[in-house]
Amino acid sequence: TKEDPPNMEPTEEPATPVAGPTSTPDEERTGANTATEDLLCDEELTGANTNATEDLLQLNDPEPATSTPITNANVADPVFDEAATTVVAQEMLILNDDTLEKFTADEESTSSNGTPHESITLEQFTSTNNPIDDDDVEPDAGTIASNVNIGTDDLPEEPSVRIIITGTSGYLGQHLLTSLCLDVASYTTPAQLNEGGIEIYAAFGTLTSFNDAIIEDVDHRVHVTKMSDVDISDVESMESLIHSVDPTAIIHLAAISAPLKCENDPPLAMAVNCPLALLNVVPAHCDLIFLSSDQVYDGSHPPYSESSPAKPLNVYGKSKLAFEEELCGSESQFRDRAVCLRSSLIVGPATPFACRKQTFLQFIHDSMQANIAHDYYIDECRSIVYVGDVIRTISHFLKVGTRADPGVYNLGGPESLSRCDLALGVAEHCGFDVHLAIEAEKAGLPPGPVPNPLDISMVSSKLFNVTGIPMTGLEKILEVTFPLVMSNKDAKLI
């Protein structure tokens, strides 16, 4: 069977909009008004003569995809170890059906150290942590689910590190939250730890199953509070959140990341992807890290550096560039404490918990495992980046502070790769039939509903000069993403 795959960009959790079309229950679970919009992400479907609706009806389930529960074996390691593949393979061998039950949806479940999990409302949370007038609270703005990983006696009254992550239930958000919970030294200094503990506020949209996700083996100095239905475009919601938390850093991942949805509703895209409501209440001591996109480039003169003209072709890219200007523009009050990361297509292992969408690598693997052939573009190129490298980069700026080197950075891998390069790489690594990856050219096809750049490969040397973090190539990414494990007589993929 020959079908055309969707181009998946699972870097961000869709934010809850202030206004917009009403969703049905099934649509709420997928996080978009249509399955098509949710999976299209940064681009239209690849290949010519594609029926997008038919393809996506086959690929999109009403419930989020379920992934393997989190263990140290399947967390995206921020630091690539040459022996990582062997370690992952050895630990994966012990996974079985019983292991899949280690994260329960029961409200009364406990974490690995026996601490109960609790749920409170946003109104209770704000009044408990930082009393404010009831008039300043939006009762329906969100629900708080506290993921208590340390005893209340151990939690400082005022943690020295208070981080808000928006879009935490998305692909990058889940991996980032897990890493911050497990590897405190990667993003804090000894002085900070001596002053107090770490409080992480994991804000996200409508993926309700994420409320019940429990991260095991959390560092005892970390406390996590999950907040659902947080509307980053709503002034009252942001005021109650920021005033209650008084964050030392905000990592902004949330956005409407489906370009078709952005194209169909530019005002909504701008309200959510360029959330002035958030900036209006950010305290002066708070550092800002923003996940932007390589979609700010037009694809006509690659490779792109930060000094290249930013000329986005679609509304999604324009909304990302608009928020960059608010943070790092010459007239911005935040330009001395904001970092904007123009991320390429993020790839890597599946998320530790259920997620609305995984990466393009998982799509390729699942298709080939089912012996389904697809057209893959040979002329749509990007500097794909490993999720662990993105986490290491964010952790670097958390540790040294954004004021040391504020500004805009390209965040891409060491290779310019086409969609077909990725498909062939998966086929060769996993032993699939390479003929399932059919070469196709995007140039010359009739324009689709969303204008998209062809080659937005980037040069990320500026970022390396600041962080010293080398980016991981495709071969090593595939080794970590799809470790080959011998089981019984045959090699299989876990």
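Looking at Val408, is it at pLDDT 95 or above, touching a Phe, Trp or Tyr at 6+ places or on another chain (Cβ under 8 Å) and of a type in the set (Val, Ile, Thr)?
no
Taking Ile378, is it more than 20 Å from the chain's Cα centre (by Cα) and either surrounded by 22 or more Cβ atoms within 10 Å (Cβ to Cβ) or over 23 Å from Val282 (Cα atoms) (or both)?
yes
Do you know which residues across the stretch 177-206 are open to solvent by 10 Å² or more (accessible area, probe 1.4 Å) and of a type in the set (A, V, I, L, M, F, W, C)?
Leu182, Ala185, Ala191, Leu193 - these are the residues of the stretch 177-206 that are open to solvent by 10 Å² or more (accessible area, probe 1.4 Å) and of a type in the set (A, V, I, L, M, F, W, C).
Residue check: is Glu331 charged (D, E, K, R), outside any loop (DSSP other than H, G, I, E, B) and open to solvent by 10 Å² or more (accessible area, probe 1.4 Å)?
no
Please verify whether the stretch 382-395 includes one or more residues that are open to solvent by 40 Å² or more (accessible area, probe 1.4 Å), in contact (Cβ under 8 Å) with a residue 40 or more places away in the chain and either in a loop (DSSP other than H, G, I, E, B) or closer than 21 Å to Ser308 by Cβ (or both).
no
Is there any pair linking a residue in the stretch 185-213 that is more than 22 Å from Thr166 (Cα to Cα) to one that is of a type in the set (Ser, Thr, Tyr) and not in a helix (DSSP H, G or I), with Cβ under 7 Å and at least six apart or on different chains, and which?
Short answer, once both residue conditions are applied: Gln192/Ser160; Glu195/Ser160; Gly196/Ser160.
What residue, of Ser237, Ser209, Ser233, is open to solvent by less than 20 Å² (accessible area, probe 1.4 Å) and of a type in the set (Gly, Ala, Ser)?
Testing whether each residue is open to solvent by less than 20 Å² (accessible area, probe 1.4 Å) and of a type in the set (Gly, Ala, Ser) leaves just Ser237.
Answer yes if at least one residue in the stretch 284-299 is outside any loop (DSSP other than H, G, I, E, B), open to solvent by 20 Å² or more (accessible area, probe 1.4 Å) and farther than 24 Å from Pro266 by Cα, and no otherwise.
Looking through the stretch 284-299, at least one residue is outside any loop (DSSP other than H, G, I, E, B), open to solvent by 20 Å² or more (accessible area, probe 1.4 Å) and farther than 24 Å from Pro266 by Cα.
For the stretch 211-252, give me the residue count where each residue is modelled with pLDDT under 90 and part of a strand (DSSP E or B).
2
Could you tell me whether any residue of the stretch 161-176 is touching a Gly at 6+ places or on another chain (Cβ under 8 Å), crowded, with 23+ Cβ neighbours inside 10 Å and farther than 26 Å from Ser344 by Cα?
Scanning the stretch 161-176, I find at least one residue that is touching a Gly at 6+ places or on another chain (Cβ under 8 Å), crowded, with 23+ Cβ neighbours inside 10 Å and farther than 26 Å from Ser344 by Cα, so the answer is yes.
The values are calculated or read from the model by the stated rules, or taken from the named source; none is laboratory data. Only a predicted model underlies this, so the values are computations on that prediction, with no experimental measurement involved. Here Cβ is always computed from backbone atoms with ideal geometry, including for glycine, and neighbour counts include all displayed protein chains. Only protein heavy atoms, including side chains, enter the accessible area calculation; ligands, DNA and RNA are left aside. Shrake-Rupley method; radii C 1.70, N 1.55, O 1.52, S 1.80 Å.
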